[in-house]
Each structure stands twice: as C-alpha cells, then as structure tokens.
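Data block below; observations after.
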Amino acid sequence: MLNAPAAERNKDPILAVLRECVDTRKPLQALEISSGTGQHVAHFAQALRHITWQPSEFDHQSLASIEAYRTHYHLDSVKPPIHLDASLPCENWGSIQPESLDLVVNINMIHISPIACTEGLFKGAGQILKPQGILLTYGPYAVNGQITPESNVNFDYSLRQRNPEWGLRDISLLSCMAQKSGLFLEKVVDMPANNKCLLFRKESLV
Ligand SMILES: C[S@@+](CC[C@H](N)C(=O)[O-])C[C@H]1O[C@@H](n2cnc3c(N)ncnc32)[C@H](O)[C@@H]1O
C-alpha cells in the first residue's frame, strides 16, 4: 500500500465535490483513470457506498498498491484494478462498454503526462459515459493563458524540466478538447492549494 501525501491531503476536498455532483438515489458505475496508489478509490468507495468503482493505472507497481488497498479494506464495491493507457482508444480500456458509466474520475494526471493522454481521456470519456454522465478532473490548471500563483508557475517549470511534454494545461484548451467529444465544462470548483476540480457533463442527445 503505497502512500502519496498529496492524495492524503486532497482526498477529502475531492470527496466533498463528488458528494455535490453525483446522484445519491441510485446505484452508479464509475471508472477512475490513473488511480495512483489507490488511496482515492479506497476513500471514495468507503464514503459513497452506492457507487461501483473500476480503478485503473498505467504503472504496474501502482496496480499492485491499488489491489493492496482493495483487499486491506475489504472493498466489495471496488473491482480489481485494470491496466489502462489513457492515450490509447477506449476499445483498449479493458472490457468497458460504450455508454455504460455514470462517472469518470481523473486526479492529477493531465499535467503529469503527454497531451495524448488528455486527448485520450476526453475521447474515451465521451464514448464510455452515459448521456448526462460526469467526468471529474482535478489538478492545477492555467486560466486564460495565465498560471497563478508563483508556486504554480514554478511547478509548471519544474514539470517541463522533467519532461517537455508535461505541464499545466489551460482550462479553455481542455474545454475545447472536451466539446469535440460531446463533453461540456459545467463547473469549475476552486480547491485548496491552488488546484481546481473541473466537472464536464456528457451532452444528452434528447
Ligand atoms: C501524479 S500521479 C497521480 C496519481 C493519483 N491519481 C493521485 O492523485 O495520487 C500521475 C499518474 O498518471 C499516471 N499515468 C501516466 N501516464 C499514463 C497513461 N498513459 N495512462 C494513464 N495513466 C497514466 C501515472 O502512472 C501516475 O499514477
């Protein structure tokens, strides 16, 4: 069971946003993309018992950690984690069926992966979400071409030093990408430590 201090800090504020945006009256199906250690899915599953969670990861060591959380806490509503590369078409995302999910959650991946992962995230979410389903992303973002405050400017610089394909993305760019996949930015929620939650809703065809 790996432990990421940032996940420990942000899991409750993100849970509060989830509580506000998900329907609590009926059973729901959720996919977490880039589950990391498994701390988030373990926390959310214990708090939101009506949601069945499918955790996923690109990194194999993280997959083992997610499974360790799942068994340690006897999380019946969490499925065994699957290997998922967000940059690939969603036909490669295990056996997830089109329009089968109510919720997709993606925490702190968009700025720490090549843009192809973000493109794949929106394309895939557009296909696997039911109409009116929600994609929640969390992390630091640029707004109208500006990164604030100074600590996020420095963070963006350090990410780009580590990998030129990484870095904070602009919310307007994400909103455009999402729209191409039928997802509309419904809400931006300011979060602690200069992060935000972005809530995208899949357009209903009716
Ligand atoms: C900063 S970590 C965030 C992990 C976790 N969501 C959290 O907040 O603690 C970034 C995650 O993105 C994942 N990632 C990198 N490339 C990916 C890809 N192509 N598809 C899916 N996830 C990827 C990494 O394995 C890593 O777990």
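Where a number appears in this text, it was derived from the coordinates with a stated rule and is not lab data. Note that the structure is a prediction, hence the values are computed from the model and not measured. Ideal geometry is used to build each Cβ from the backbone, glycine not excepted, and the neighbour counts take in all protein chains shown.
Translational diffusion of the range 15-136, estimated by Stokes-Einstein from the Kirkwood radius over alpha carbon pairs at 20 °C in a medium of 1.002 mPa s, is 150 µm² per second. Averaging 1/r across all pairs of distinct Cα atoms in the range 113-206 and inverting the result yields a Kirkwood radius of 13.9 Å. Cα centroids of the range 35-67 and the range 125-189: how far apart, whole angstrom? Using only Cα atoms to place each centre, the spacing works out to 21 Å. Counting only DSSP beta bridges with both residues in the chain, the antiparallel share comes to about 45 percent. Listed here are the pairs 11/130; 11/123; 130/180; 180/202; which of them are more than 20 Å apart at the Cα? The pairs that break the limit, which is 20 Å between Cα atoms, are 11/130; 11/123. Applied to the range 139-149, the Karplus parametrisation 6.51 cos²θ - 1.76 cosθ + 1.60 on θ = phi - 60° returns per-residue 3J(HN,Hα) values of x, x, 9, 8, 10, 6, x, 10, 9, 9, x Hz, with x for Gly and Pro. For 53, 166, the sequence from fewest to most other C-beta atoms within 10 Å is 166, 53. Exposure proxy ranking for 202, 123, 180, based on other Cβ atoms within 10 angstrom of each Cβ and starting from the fewest, stands as 180, 123, 202.
Between residue 46 and residue 190, the FRET efficiency estimated from the beta carbon spacing at R0 = 30 angstrom works out to 0.70.
Sorting the Cα pairs of the chain by distance into bins of 5 Å, from 0 upward, gives 1, 7, 16, 21, 22, 18, 10, 4, 1, 0 percent per bin. Inter-label distance, residue 74 to residue 91: 4.2 nm, where each label sits 7 Å from its Cα along the C-beta direction.
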